[in-house]
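The values are calculated or read from the model by the stated rules, or taken from the named source; none is laboratory data. Here the structure is a predicted model, which is why all the values come from computation and not from measurement. We place every Cβ from the backbone using ideal geometry, glycine too, and count neighbours over all the protein chains shown. Accessible surface areas use protein heavy atoms only, side chains included; no ligands, DNA or RNA. Shrake-Rupley method; radii C 1.70, N 1.55, O 1.52, S 1.80 Å.
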Amino acid sequence: MPNSFSQTPSLSCPRCGTTFQAELWLIVDTTERPDLVEKIKDGTLHEIVCPQCGPIGQVDVPLLLYRPGETPPLLFSPAQETTNEQDQEHARALLARLRESLGPAWRDDWLARGLPGVPRPLLPLALTEG
């Protein structure tokens with residue numbers, strides 16, 4: 001079972017009305033998917049493109065990064081238009097999903113100091129600069 005996780009909802013283009021599916025990444029294992037890390041760095045991971053008329057914009061979804069061998073190994077970037085309660089809910093759900101996929105490799109001590117949060121605009125910098 002891969003650690004990285006996406007959902008594929010049906011979306012409707014606000015310009016032309018075309019219905020299409022978009023892959024939205026919610027958990028990225030940075031060693032498993034370096035291609036997605038590059039998209040995070042250039043700000044295109046959650047960019048939505050209509051197959052009929054082109055780029056639409058960004059989808060506002062949370063993102064959990066699992067960085068094996070890095071300190072800290074987990075980074076959470078909340079959606080930008082959510083409440084603190086929603087952010088906590090999203091983080092719990094994504095952590096539970098990652099815990100399940102990692103199985104015995106999961107370590108509770110990763111969260112001993114809490115889950116580090118990084119605002120989305122600063123996420124590329126956090127991945128580049130550490």
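Points worth noting:
- Over the chain, accessible surface divided per residue gives 58 Å², non-protein components excluded, 1.4 Å probe.
- Under a model in which nothing but the beta-carbon of Lys, Arg (+1) and Asp, Glu (-1) is charged, region 1-126 shows a dipole of about 40 debye around its Cα centre.
- R0 of 30 Å, Cβ-Cβ distance Cys53-Trp106: FRET efficiency to nearest 0.05: 0.10
- Heavy-atom surface analysis with a 1.4 Å probe gives the chain a carbon and sulfur content of 50 percent of its accessible area.
- Within the chain, helix-based [θ] at 222 nm, where runs of 4 or more DSSP H residues each add -39,500 (n - 2.57), nearest 500: -8000 deg cm²/dmol
- Couplings 3J(HN,Hα) for region 84-97, derived from phi with the Karplus relation 6.51 cos²θ - 1.76 cosθ + 1.60 (θ = phi - 60°), are 4, 4, 5, 4, 5, 4, 4, 4, 4, 5, 5, 5, 4, 5 Hz, where x marks Gly and Pro.
- Between Val118 and Phe76, Ser77, the built amide H atoms are under 5 Å apart, and every one of these is 5 or more places off in sequence or on another chain.
- Note on Ala96 and Glu81: the extension gain reaches 3.2 nm, defined as 0.36 nm multiplied by sequence separation minus the Cα-Cα distance.
- Size descriptor, Kirkwood hydrodynamic radius, that averages inverse alpha-carbon separations across region 11-79, Å: 13.2 Å
- In terms of accessible area, using a 1.4 Å probe and ignoring ligands and nucleic acids, Arg97, Arg113, Arg107 rank largest first as Arg113, Arg107, Arg97.
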